[in-house]
1. Could you please find all residues in region 69-94 being in contact with a strand residue (DSSP E or B) (Cβ under 7 Å, 6 or more places away or on another chain) and open to solvent by 10 Å² or more (accessible area, probe 1.4 Å)?
2. Among the candidates 27, 35, single out the residue that is of a type in the set (A, V, I, L, M, F, W, C), open to solvent by less than 20 Å² (accessible area, probe 1.4 Å) and touching a residue at least 40 places away in the same chain (Cβ under 8 Å).
Amino acid sequence: MSYTPFQNQILPRLIQEWNYTEEDAAAVALELEQATPQVREAFQVWWATQQPCELEIQGYTVASLMQEFQMNPIAAFLTLDWLMQEPESALAALAEGYDVII
């Protein structure tokens, strides 16, 4: 399978450092690449620096999602993107106390 430069940049770390399977890493990399520009840019800064992300969407941040829902940072970024793209369904799912992101 061929990947974009963005995907090639993050796939090895998703697999080695975050213990994603190759299949899950490919799906996550694609979701991150297709994220809204704000979320993708915030993710890329965090990925490169590991500095806390201050992006807030619908009252949630990466840190709050990690704390409240025990998400890893990558799932939190994907959830922020979901909150931006589909706020009603994302907020409803979070209010029920679960997430549906890998």
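1. Within region 69-94, just 84 meets the criteria.
2. Values: 27 fails: open to solvent by less than 20 Å² (accessible area, probe 1.4 Å).
Unique residue meeting the criteria: 35.
The values are calculated or read from the model by the stated rules, or taken from the named source; none is laboratory data. Computed from a prediction, not measured in an experiment: that's the story for all the values here. All Cβ positions, even for glycine, are placed from backbone atoms using ideal geometry, and neighbour counts span all protein chains on display. The area values use the complete protein model at the heavy-atom level, side chains included, leaving out ligands, DNA and RNA. Shrake-Rupley method; radii C 1.70, N 1.55, O 1.52, S 1.80 Å.
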